[in-house]
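The values are calculated or read from the model by the stated rules, or taken from the named source; none is laboratory data. Just so we're clear, the structure is a prediction, and the values are computed from it rather than from any experiment. Reconstructed Cβ throughout: ideal geometry from the backbone, glycine too, with neighbour counts over all protein chains shown. Ligands, DNA and RNA are stripped out before the accessible areas are found, and what is left, the full protein with its side chains, is counted by its heavy atoms. Shrake-Rupley method; radii C 1.70, N 1.55, O 1.52, S 1.80 Å.
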Amino acid sequence: MIALLNDKDKNHVNAKQLAHRIDNEQKIIPLLMLSEAVTSIGSRKKGKIAKLLYDTLIDNFEIHYPTHNEIETAMQHVLKYDGTLSLADCLAVIVMSKRGITEIVSFDDDFDKVEGIIRVH
């Protein structure tokens, strides 16, 4: 979503195409990833764009609120990947695993390290 709202992002054109592809799909985003995305776009494009991203995600995605156990497990994944995956990314991996989801739409190639996940980009 960051690349979609940032026309200077190198993946902007690809993001627009992917957005159309997943428009009618069921989508989920962990709360930590929502926070990361809003913070990141806000620092690049300011508050109004951050609010637009927030509203878009809230309106189009199921927001997954992690349990304490999920966060603890995500932290174990951070150790497993030696810090190369963020806590938010590791939580996404856990949510995907629990729900049987195998594809993630992301330009973050760190997900390529995770066995069983196909990164769509």
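Suppose we keep only residues that are open to solvent by 20 Å² or more (accessible area, probe 1.4 Å) and part of a helix (DSSP H, G or I) within region 87-121. Which one would you say is farthest from LYS27 (Cα to Cα)? Filtering region 87-121 for residues that are open to solvent by 20 Å² or more (accessible area, probe 1.4 Å) and part of a helix (DSSP H, G or I), the one farthest from LYS27 (Cα to Cα) comes out as LYS113.
Could you please give the count of residues in region 43-67 that are over 25 Å from GLN26 (Cα atoms), assigned to a helix (DSSP H, G or I) and open to solvent by 100 Å² or more (accessible area, probe 1.4 Å)? Going through region 43-67 one residue at a time, the tally reaches 2. Scan region 68-86 for residues that are in a helix (DSSP H, G or I) and small (Gly, Ala, Ser) and jot them down. ALA74, the sole residue that qualifies. Counting only residues that are of a type outside the set (A, V, I, L, M, F, W, C) and more than 12 Å from the chain's Cα centre (by Cα), region 95-108 holds 5 of them.
Restricting attention to region 6-42 and to residues that are closer than 21 Å to VAL95 by Cα and part of a loop (DSSP other than H, G, I, E, B), the residue that is least open to solvent (accessible area, probe 1.4 Å) turns out to be LYS27.
The residues of region 69-94 that are polar (S, T, N, Q) and over 16 Å from the mean Cα position of the chain (by Cα), listed by number, are ASN69, THR73, GLN76.
Listed by first and then second residue, the pairs linking a residue in region 87-106 that is more than 18 Å from HIS68 (Cα to Cα) to a residue that is open to solvent by 70 Å² or more (accessible area, probe 1.4 Å), with Cβ atoms under 8 Å apart and 6 or more places separating them unless they lie on different chains, are THR102/ILE118; GLU103/ILE118; ILE104/ILE118; VAL105/HIS121; SER106/HIS121. Within region 74-81, is there a residue that is open to solvent by less than 70 Å² (accessible area, probe 1.4 Å), farther than 18 Å from VAL120 by Cα and among the aromatic types (Phe, Trp, Tyr)? Yes - at least one qualifying residue is present in region 74-81.
Criterion applied to ILE28, ILE58 was being among the β-branched types (Val, Ile, Thr), at pLDDT 90 or above and in contact with a strand residue (DSSP E or B) (Cβ under 8 Å, 6 or more places away or on another chain), and the one residue passing it is ILE28. Pairs meeting the criteria (first residue in region 56-72 and of a type in the set (S, T, N, Q), second residue surrounded by 14 or more Cβ atoms within 10 Å (Cβ to Cβ), beta carbons under 9 Å, at least 6 apart or on different chains) are THR56/MET1; THR56/LEU4; THR56/LEU5.
Reported count of residues in region 93-121, each being of a type in the set (Lys, Arg) and within 20 Å of LEU79 (Cβ to Cβ), is 2.
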